[in-house]
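Notes to accompany the following structure.
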Amino acid sequence: MTITPRDRLLALDWREIWRYRDMFMLFVDRAFRTAYKQTILGPLWFIITPVLSVIVYVTVFGGIANIPTDGVPPVLFYLLGISVWGYFASCLTSTSNSFVSNADIFGKVYFPRIIMPMVAVTVNLLSFAIQLAIFFAFYIYYAATGTDLTIHWQVVLFPFLMLLLALMAMGFGMIFSSLTTKYRDLQIMLAKIISLWVYVTPVIYPLSMVTNDKLHLAMSLNPVTPVMEAIKYSLLGVGQFSWLWLGYSALVTLILLIFGLMLFNKVQKSFMDTV
């Protein structure tokens with residue numbers, strides 16, 4: 001049997017992906033096991049990293065810079081923001097390396113290449129689940145000690161909001177993954193973009209403190225902002241929830257996924273010649 005790449009740029013065979021589900025699970029297991037291989041603390045880094053980040057944020061942004069958190073305990077505000085943003089950034093980084101980091105595997109065995117971006121999103125979801133558990137542990141503590149915390153009904157949308165972020169990161173990542181097969185500078189550029197992107201996203205500060213109308217609009221046009229605000233609104237009772245802006249984020253995500261899939265399918269036909 002001869003295996004040839006599909007001609008249609010938007011081809012996505014879910015039945016074929018399902019047939020390779022065992023390989024998908026093997027890749028997920030391998031990625032999770034090797035994330036902190038040969039480290040002393042191992043998976044504990046999934047807990048240590050966000051906790052250390054929260055300590056720094058509470059000290060620097062809350063204690064020194066006196067940045068408000070809309071009345072929410074700073075630990076909860078920063079921990080939720082760090083966890084959600086960290087998941088998006090990790091998915092974007094991992095997906096953007098799909099071709100380059102898996103070149104050896106791609107050259108030896110056939111499987112649907114789209115599996116690798118899906119693996120990246122899934123593996124990062126496991127670490128996010130751990131961090132989310134830490135958030136809820138602190139949430140329960142603050143609620144038990146009498147802190148007034150509000151959960152809105154939109155919390156039922158939380159899985160869909162996270163899925164939207166995952167697909168957005170996957171779309172961005174597939175675009176960068178396709179382009180970096182020829183232009184490796186984009187890997188360095190993406191790292192810089194992510195490090196700056198967090199500051200134009202309401203992660204370490206509430207969007208409500210941006211009082212300039214033009215700047216507020218510009219930040220809202222960041223497709224991650226409406227999702228981040230909706231998550232904060234649903235779990236912490238602060239921020240803003242807007243169906244209109246969430247629709248905008250969903251539209252951007254759809255465009256990114258379509259364009260990313262087209263590039264991904266085009267590049268996979270010949271990337272071994274350029275990687």
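Computed quantities for the displayed model
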item	result
Single residue of the stretch 54-88 satisfying the filter (buried (at least 17 other Cβ atoms within 10 Å of the Cβ) and small (Gly, Ala, Ser)) that is farthest from residue 118 (Cα to Cα)	62
Some residue of the stretch 174-194 being surrounded by fewer than 14 Cβ atoms within 10 Å (Cβ to Cβ), modelled with pLDDT of 90 or more and farther than 22 Å from residue 49 by Cα	no
Residue list for the stretch 198-218, filter: crowded, with 17+ Cβ neighbours inside 10 Å, without any contact (Cβ under 8 Å) to a residue 60 or more places away in the chain and within 18 Å of the chain's Cα centre (by Cα)	none
Hey, residue 227 in contact (Cβ under 8 Å) with a residue 60 or more places away in the chain, over 18 Å from the mean Cα position of the chain (by Cα), under 26 Å from residue 62 (Cα atoms) and surrounded by 15 or more Cβ atoms within 10 Å (Cβ to Cβ) or not	no
Tabulated pairs, the stretch 60-74, first touching a residue at least 24 places away in the same chain (Cβ under 8 Å), second among the polar types (S, T, N, Q) and part of a helix (DSSP H, G or I), C-beta under 9 angstrom, 6+ apart or interchain	68/208; 70/208
Set 257, 251, 235: member being closer than 24 Å to residue 176 by Cα, in a helix (DSSP H, G or I), among the aliphatic types (A, V, I, L, M) and modelled with pLDDT under 95	257
Pair list, Cβ < 6 Å and 6+ apart or interchain, from the stretch 141-154 residues that are free of Cβ contacts under 8 Å to residues at least 24 places away in the same chain and closer than 8 Å to residue 234 by Cα to residues that are outside any loop (DSSP other than H, G, I, E, B) and small (Gly, Ala, Ser)	none
Helices (runs of 4 or more DSSP H) within the stretch 71-115 that include 3 or more residues at pLDDT below 85	98-101, 103-106
Members of the stretch 131-156 found to be within 26 Å of residue 249 (Cα to Cα) and crowded, with 18+ Cβ neighbours inside 10 Å, listed by number	131, 132, 135
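The values are calculated or read from the model by the stated rules, or taken from the named source; none is laboratory data. Remember, it's a predicted structure, so these values are computed and weren't measured experimentally. Glycine gets a Cβ as well: all are built from the backbone with ideal geometry, and neighbour counts include every protein chain shown.
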